[in-house]
Amino acid sequence: MKTAPVTPEDLAASVLAVPPLSRDPAGLPLEGENRKLVDWLYSGGVTTYLYGGNANLYNFGVGGFDGLLDMLEAIAPDESCWMIPSIGADFGKAADQAAVLRGRDFPTGMVLPLSFPATPQGLATGIGKLADIAGRPLILYIKNEGYISPADVARLFNDGAICALKYAVVRPKPTHDPYLKSILDAVGSGARIIGGIGERPAIDHLEIGLNGFTSGSVCIAPHLSMAILRACKAGQTTEAQRIREAFLPLEDLRDAHSPIRVLHEAVRLAGISETGPIGDFLSNRDGDEGLAAISAAALSLKAASEAFAVPASKDAARG
């Protein structure tokens, strides 16, 4: 597992996968099933694994946090791979988890966003405190307009309280985002900012200067998602847009019926790993809740990723 401090090069090297968390009937993480998913991601070139909302860590207790960290260390494929746990969302739980994180080798953790009760100024102060407790810079996660002021984002970077920003405010046109522009202007560049809404806006976000993107659907199609990142970095926008089309059926289902719940079932239905119960305060999709549509979209996307990987493997063998 990567333990060195986070750099902009780390953020650019891989799509940041945001996987679901496979659990047993008691809600405890299943090492073997989570390893299967990480190994599939790694086979497609993904080396960064961010456990947050899709893993339902919003509702994960402090008591099991140390065990979760043990599992994440155990399933990291090699020393190039970067495992990122999340803490929070409320300050009390985040502080307790940050104290656990302080004694571990993880280079960072992500602070899950809290919309209520919170104020922008209070969040800025609290995130600085959490970084002090954790003894390392953290990842800031913005999901809502005005969550924290651009000036405070810049200050948190300058103070060493954060090493990256995951930006996930949904816009009809991602290139027209005054809040993101203000953050970029305040920070000075997008080298430490990543898009946080998957493949759909990723191309636009990379074009305006962000350094990478997170994805849930990369768990189904790692080869394709990484191909989008590489195409964007090479300035091949048309190719990136062509590849992105394969993701849209599953992304449409996620947008319509819950990104977290649909992805949790999609990983299982695609035969990648048994995800099990989704965790407290959420419920698995079952019965007539569109599992057939999720299965069809997930299997089609996985097949496209596997097909994309075959020519790449042959090229590597020839080289």
Fill in: Subset of region 204-238 (residues that are touching a Cys at 6+ places or on another chain (Cβ under 9 Å) and surrounded by fewer than 23 Cβ atoms within 10 Å (Cβ to Cβ))
Glu207
Discussion item. Quick check on this structure: which one of Ile142, Ile133, Ile87, Ile75 is over 22 Å from Val262 (Cβ atoms) and touching a Lys or Arg at 6+ places or on another chain (Cβ under 6 Å)?
Written reply: Ile75
Item to complete: Determine which single condition Ala303 fails, assuming it passes every other condition in (1) modelled with pLDDT of 95 or more; (2) surrounded by 15 or more Cβ atoms within 10 Å (Cβ to Cβ); (3) under 29 Å from Leu30 (Cβ atoms).
Response: (2)
Item to complete: For region 211-287, please list each of the helices (runs of 4 or more DSSP H) lying entirely inside it that holds at least 2 residues being touching a residue at least 60 places away in the same chain (Cβ under 8 Å) and under 19 Å from Pro20 (Cβ atoms).
Response: 222-233, 259-269
Item to complete: Select from region 9-18 the residues that are touching a Ser or Thr at 6+ places or on another chain (Cβ under 9 Å) and either of a type outside the set (Ser, Thr, Tyr) or in a strand (DSSP E or B) (or both) and list them in ascending order.
Response: Asp10, Leu11, Ala13, Val15, Leu16, Ala17, Val18
Worksheet entry | Output for region 130-150, where each listed residue is among the aliphatic types (A, V, I, L, M) and more than 21 Å from Phe116 (Cα to Cα) | Ile133, Ala134
Discussion item. Any residue that is of a type outside the set (S, T, N, Q), within 12 Å of the chain's Cα centre (by Cα) and surrounded by 18 or more Cβ atoms within 10 Å (Cβ to Cβ) - is there at least one of those in region 31-46?
Written reply: yes
Discussion item. For the list (1) closer than 18 Å to Ser115 by Cβ; (2) surrounded by 15 or more Cβ atoms within 10 Å (Cβ to Cβ); (3) aliphatic (A, V, I, L, M), I need the number of the one condition that Ala191 fails.
Written reply: (1)
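The values are calculated or read from the model by the stated rules, or taken from the named source; none is laboratory data. This one's a predicted model, so the numbers in the text were calculated from it and none came from an experiment. Cβ coordinates were reconstructed from backbone atoms using ideal geometry, including for glycine residues, and neighbour counts include every protein chain displayed.
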